[in-house]
Amino acid sequence: MKEWMETLATSSQVSDFIVGGDMNSAPMFSSVKLLTQMLGSGTPSMTTFPLPFGLGITIDYLFVKGDRVNRIGGIQVLQKDEASDHFPIVTEVEVMERLASNAY
């Protein structure tokens, strides 16, 4: 993942990122720390994977960074949804249009 992120971070063709999903890694793992370092916080405020005895852990993330993308509000965890063994996470993202270049 580090190699992939470094390639994207140094690419002149990519400046906006929406990266999300099941990372199977807690916030203290190096892969999540790397994503947080490069893309900012993508950690929901609630746990996303239930454990026995009412406990849980966060292993699902949504990272948004760029000049043309902006997360509106926080990351919501839908803890009542039973579509998966993980709780779904959602966020609202605003994507601005790229201005056309008139360089002739």
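Each reported figure results from applying straightforward, stated rules to the coordinates on display, with no laboratory input. This is a predicted model, so every value here is computed, not measured. Cβ placement follows ideal geometry from the backbone for every residue including glycine, while neighbour counts extend to all protein chains displayed.
Points to keep in mind about this one:
- Seen from THR43, the other residues with C-beta closer than 11 Å to its C-beta sum to a net charge of 0, counting Lys and Arg as +1 and Asp and Glu as -1.
- For LYS65, the lysines whose Cα comes closer than 28 Å to its Cα, not counting residues fewer than 8 places off in the same chain, are LYS2, LYS33.
- Evaluated over segment 23-70, the Cα radius of gyration and Dmax, each in Å: 12.2, 43
- Geometric descriptor of the chain, per residue, is 115 Å³ (volume of the convex hull of the Cα atoms).
- Across the chain, the relative contact order, built from alpha-carbon pairs under 8 Å that are at least six residues apart, equals 25 percent.
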